Amino acid sequence: MDLASYADLAIDLVNTQRGRQDDLRDLEGLRALLVHRPHLGGRIAHRDLDAMRELRAQLRAIFVSAARGDEDDAVDRLNTLLIHHPVHPQVSRHDGQDWHLHFNEAGSIPDRYAARTAMGLAAKIADQGIDRLGLCRAEGCERVFFDTTANRSRRYCSDRCAGRPSVTAACHPSAPRVNVPARDSGQ
Ligand SMILES: [Zn+2]
């Protein structure tokens with residue numbers, strides 16, 4: 001099992017909110033988030049929606065702290081999540097697969113989501129570094145992402161945002177400039 005792959009759950013949840021747009025306004029929005037996660041299925045209630053929104057805020061705070069370089073704060077927040085949402089691993093074999101690891105199959109959906117996410121983020125940070133956690137710098141975007149570039153230079157969630165004004169361009173000398181390709185001098 002690739003534990004770090006569970007960190008994608010954090011991206012999916014945090015990015016349900018972009019500025020004023022919020023996909024988790026109702027239970028339909030929560031169902032849409034979980035539709036491709038069969039191990040996180042089941043009956044959901046409004047208290048689950050509230051818990052997922054709270055988890056979303058906690059996860060966003062981790063990305064915000066990491067993106068501004070406050071690593072200790074980001075890790076403190078993550079460790080708090082790990083304490084509140086411990087994983088209960090089980091070794092299992094089914095559907096012709098070899099023995100493999102499963103996480104909590106019991107508990108509420110927000111608890112299961114939080115346990116997997118916290119474990120995934122912890123593995124991601126330990127394996128690849130906390131500076132992989134990114135926050136889009138385009139004004140009004142607020143999406144988070146994992147920076148997979150070799151030199152950890154990613155600043156935007158997407159090409160679309162890279163073409164928009166940066167919210168931090170004025171105060172970040174390292175913010176990327178728009179590079180105009182050099183003309184071929186022979187033409
Ligand atoms: Zn963006």
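The values are calculated or read from the model by the stated rules, or taken from the named source; none is laboratory data. Source: prediction; values computed, not measured. FYI the Cβ positions are ideal-geometry reconstructions off the backbone, even for glycines, and counts take in every protein chain you see. Surface areas here come from the heavy atoms of the whole protein model, side chains and all, with no ligands, DNA or RNA. Shrake-Rupley method; radii C 1.70, N 1.55, O 1.52, S 1.80 Å.
Tell me yes or no: at least one residue of region 127-140 is surrounded by fewer than 20 Cβ atoms within 10 Å (Cβ to Cβ) and within 16 Å of the ligand (Cβ to nearest atom).
Checking region 127-140: at least one residue is surrounded by fewer than 20 Cβ atoms within 10 Å (Cβ to Cβ) and within 16 Å of the ligand (Cβ to nearest atom).
Could you list all residues from region 141-157 that are open to solvent by 60 Å² or more (accessible area, probe 1.4 Å) and within 6 Å of the ligand (Cβ to nearest atom)? Even if it seems obvious, please write down each step before you answer.
Step one: filter region 141-157 for residues open to solvent by 60 Å² or more (accessible area, probe 1.4 Å), giving 142-143, 148, 150-152, 154.
143, the sole residue that qualifies.
Against the conditions (1) at pLDDT 95 or above; (2) open to solvent by less than 70 Å² (accessible area, probe 1.4 Å); (3) of a type outside the set (A, V, I, L, M), where does residue 94 fall short? Just the number, please.
(1)
Failed condition for residue 183, given (1) at pLDDT 95 or above; (2) more than 16 Å from the ligand (Cβ to nearest atom); (3) of a type outside the set (A, V, I, L, M, F, W, C), with all others met?
Here residue 183 meets the rest and fails (1).
Can you tell me which condition residue 104 does not meet? The list is (1) touching a helix residue (DSSP H, G or I) at 6+ places or on another chain (Cβ under 8 Å); (2) assigned to a loop (DSSP other than H, G, I, E, B); (3) within 16 Å of the ligand (Cβ to nearest atom); (4) open to solvent by 10 Å² or more (accessible area, probe 1.4 Å), and all the others hold.
Residue 104 satisfies all of (1) touching a helix residue (DSSP H, G or I) at 6+ places or on another chain (Cβ under 8 Å); (2) assigned to a loop (DSSP other than H, G, I, E, B); (3) within 16 Å of the ligand (Cβ to nearest atom); (4) open to solvent by 10 Å² or more (accessible area, probe 1.4 Å) except (3).
For region 1-48, name all the residues that are loosely packed, with under 13 Cβ neighbours inside 10 Å, of a type outside the set (Gly, Ala, Ser) and under 17 Å from residue 136 (Cα atoms).
20, 21
Quick test of your reading of the structure: residue 116 fulfils all but one of (1) within 16 Å of the ligand (Cβ to nearest atom); (2) basic (Lys, Arg); (3) modelled with pLDDT under 95. Name the failing condition by number.
Residue 116 satisfies all of (1) within 16 Å of the ligand (Cβ to nearest atom); (2) basic (Lys, Arg); (3) modelled with pLDDT under 95 except (1).
List pairs: first in region 86-109 and without any contact (Cβ under 8 Å) to a residue 12 or more places away in the chain, second loosely packed, with under 13 Cβ neighbours inside 10 Å and of a type in the set (Phe, Trp, Tyr), Cβ under 9 Å, 6+ apart or cross-chain?
91/99; 92/99; 93/99
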